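Worksheet: one structure, shown below.
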Amino acid sequence: MPLKSQLERRMFMTTIAVGGAVGGTSAGNASPAPVWAPVPIPEQAPAHEAVAELPGTRLWYWDTGGIGRPVILMHAATHSAAGWVYQQPVLARAGYRAIGYSRRGYFRSDPGDPANPGFAADDLDNLIQHLKLGKVDLVAAALGGFFALDFALAYPDKVRTLTIVSSLMGITDADYAAVNARLRPPFFAGLPHEFQELSPSYRAGNPEGLAAWLELEHQAVPDVRIIPQSKQPLNWARLETIRQPTLLMTGESDLYTPPSLLRMQAQHMPHAEVATIAEAGHSPYWEQPTVFNRLLLNFLARH
């Protein structure tokens, strides 16, 4: 079967499987959809917390330890390493060594010199060396996906798998820029983050979860937001060279990365599989953690 046909079939089957797991009715089936229910924040697994003294910066991290495969969680622009509360205990319980860290200027990490924000890929590489890790699995959300891809391109021998969640990826090609310009009008940038990133279902149905998300957002950037540099500009040509198994995920209600944009990304990643999560926006790992975690664990187990 040609690669394009395989990709289209894989994307279709994954979308149907995930949508059916979350809820909704299919054609010819009059059964009501399962009731969507909020997921309480689980008790966290024991973890070591510290500030790593790295070249040019000091980064806060947590690490569940153990001898399992290291899975590094890379946060979005609106959160920090403290935002992975739904994934930390699940990964640890599954036998993985879960690690989260805050980038420069984020919660408990040193901002350093704003005029010299450094390279995010180098900061991650220095952290990996500091923790004496071998190959790692990277799970990156939104802006974190920019830096996970840049790291995979700069240090390909250090990455086992990539999971990129609801990320624009930082692609600079003109066709991609045109699509994104059609998706979000100029006033979108000034809207509240919770409107931009959380689905209507979540904001309406889980006020406690919304409050917790907002609290994490407010603490994430205590001063000026630091945006580290990428080693090289990201474009389709570079993306097509990535050979690591990759899982691309987004929420069906994501205003940044809707399923159509995810499919566009996947066309340039021959080793990627795609999943969309029903009733989730730009933060599916927070809004629908049960489905998200199942997809992630299944992917990691296969690779």
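The values are calculated or read from the model by the stated rules, or taken from the named source; none is laboratory data. Treat the numbers as computed from the prediction; the structure is a model and nothing was measured. Cβ coordinates were reconstructed from backbone atoms using ideal geometry, including for glycine residues, and neighbour counts include every protein chain displayed. Surface accessibility is based on the protein's heavy atoms, side chains included, excluding ligands, DNA and RNA. Shrake-Rupley method; radii C 1.70, N 1.55, O 1.52, S 1.80 Å.
A few remarks follow.
- Qualifying residue in segment 167-185 (condition: out of contact with any Phe, Trp or Tyr (no Cβ under 8 Å at 6 or more places or on another chain), basic (Lys, Arg) and closer than 18 Å to Ile99 by Cα): no
- Hits in segment 83-109 - residues which are crowded, with 19+ Cβ neighbours inside 10 Å, out of contact with any Asp or Glu (no Cβ under 6 Å at 6 or more places or on another chain) and not in a loop (DSSP other than H, G, I, E, B): Gly83, Gln88, Pro89, Val90, Leu91, Ala92, Arg97, Ala98, Gly100, Tyr101
- Qualifying position, being on the phi < 0 side of the Ramachandran plot, aromatic (Phe, Trp, Tyr), in contact (Cβ under 8 Å) with a residue 60 or more places away in the chain and in contact with a strand residue (DSSP E or B) (Cβ under 8 Å, 6 or more places away or on another chain), among Tyr101, Tyr96: Tyr96
This table checks each residue for (1) surrounded by fewer than 19 Cβ atoms within 10 Å (Cβ to Cβ); (2) within 20 Å of Pro156 (Cα to Cα); (3) touching a Phe, Trp or Tyr at 6+ places or on another chain (Cβ under 7 Å).
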site	(1), (2), (3)
Leu198	no, no, yes
Ala220	no, no, yes
Val224	yes, no, no
Gln229	yes, yes, yes
Glu240	yes, yes, no
Ser260	yes, no, no
Ala272	no, yes, no
Pro284	no, no, yes
Gln288	no, no, no
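- Within segment 116-137, residues that are farther than 14 Å from Ile99 by Cα and open to solvent by less than 10 Å² (accessible area, probe 1.4 Å) sit with their Cβ atoms under 6 Å from residues that are acidic (Asp, Glu) and at pLDDT 95 or above, at 6+ positions apart or across chains, in these pairs: Ala121/Asp150.
- Segment 243-258 - residue that is surrounded by fewer than 20 Cβ atoms within 10 Å (Cβ to Cβ) and under 17 Å from Thr161 (Cα atoms) and, of those, farthest from the chain's Cα centre (by Cα): Arg243
- Some residue of segment 214-228 being among the small types (Gly, Ala, Ser) and more than 20 Å from the chain's Cα centre (by Cα): no
- Some residue of segment 179-191 being surrounded by 24 or more Cβ atoms within 10 Å (Cβ to Cβ) and either within 17 Å of Met249 (Cβ to Cβ) or touching a residue at least 60 places away in the same chain (Cβ under 8 Å) (or both): no
- First in segment 275-303 and at pLDDT below 95 and outside any loop (DSSP other than H, G, I, E, B), second anywhere and surrounded by fewer than 24 Cβ atoms within 10 Å (Cβ to Cβ) and of a type outside the set (Phe, Trp, Tyr), Cβ under 6 Å, 6 or more apart: none
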